[in-house]
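Visitor: So that we are looking at the same thing, I have put the structure below in structure tokens.
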Amino acid sequence: MGDIMPEEIHSAQLYTPEQKIRRDESKWTMVQAILAPIQFVVCFISIFLVLRYLTSGVGYNVATLSIVLKTLVLYLIMVTGAIWEKEVFGQYLLAPAFFWEDVVSFVVIALHTAYLIVLIGGFMTYEGQMWLALVAYLAYIINALQFLLKLRSSRMVVNVAEPVEGEIIT
């Protein structure tokens with residue numbers, strides 16, 4: 001295993017053994033696993049509809065409906081994610097394992113909420129609303145990549161930490 005010490009591997013892992021058990025036993029883990037891809041699909045359909053409106057001027061209502069739906073799915077995944085985080089890590093948000101992902105999630109929620117405020121209040125042109133939605137979506141994609149990279153690196157650390165049969169760890 002080279003220069004990596006066992007305690008370094010443990011500290012680089014996303015979950016302690018107890019947290020991993022709680023994660024695996026939580027019904028909210030499955031809820032998150034279902035909602036995350038749904039949110040991706042809703043987001044990418046909405047991006048298409050928003051871009052169609054911006055390029056052709058057609059479909060404002062359906063694009064708006066898709067943005068509202070994406071925002072509602074975001075709120076749902078944030079609430080259920082906070083419950084999941086409480087069950088696994090003992091706090092609703094900002095657990096050390098997902099601190100920066102949660103911080104960026106707040107920015108994503110703020111941008112989506114700003115869109116709803118602008119929509120309801122009529123504070124921007126239709127085009128301005130669509131551009132705000134695209135900015136919110138960009139932040140969401142960055143946030144989703146944060147989570148995916150975190151989970152991928154965690155799996156890689158676990159794979160490195162698990163000895164191959166017959167291997168002696170020094």
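Visitor: For the range 117-122, take each phi angle, set θ = phi - 60°, evaluate the Karplus expression 6.51 cos²θ - 1.76 cosθ + 1.60, and give the result in whole Hz per residue in order, putting x for glycine and proline.
Guide: 5, 5, 5, 5, x, x
Visitor: What percent does the relative contact order of the range 1-136 come to when contacts are Cα pairs within less than 8 Å and at least six residues apart?
Guide: Dividing the mean separation by the residue count of the range 1-136 yields 24 percent.
Visitor: Still on this structure, please answer the following. How many percent of the accessible area of the range 1-148 is carbon or sulfur, using a 1.4 Å probe?
Guide: Summing carbon and sulfur atoms, their accessible area is 74 percent of the total for the range 1-148.
Visitor: Which whole-number percent is the relative contact order of the range 90-143 (Cα, under 8 Å, 6+ apart)?
Guide: 41
Visitor: Listed highest first by mean packing, meaning other Cβ atoms within 10 Å per residue, what order do 76-85, 55-64 come in?
Guide: 76-85, 55-64
Visitor: To continue, here is another question. At 7 Å along the Cα-to-beta-carbon direction for both MET30 and ALA110, put a label point, then send me their distance in nm to one decimal.
Guide: 3.6
Visitor: Here's something else I'd like to know. Quick one: which residues, 5 or more positions from THR16 or on another chain, have an amide H under 5 Å from its amide H? H modelled 1.01 Å from N in the peptide plane, none for Pro or chain starts.
Guide: none
The values are calculated or read from the model by the stated rules, or taken from the named source; none is laboratory data. Model, not experiment: these values are computed from the prediction. Methodologically, a virtual Cβ is constructed for each residue, glycine included, from the backbone with ideal geometry; neighbour enumeration extends over all protein chains shown. Quick note on the areas: whole protein, heavy atoms, side chains included, nothing else; ligands and nucleic acids left out. Shrake-Rupley method; radii C 1.70, N 1.55, O 1.52, S 1.80 Å.
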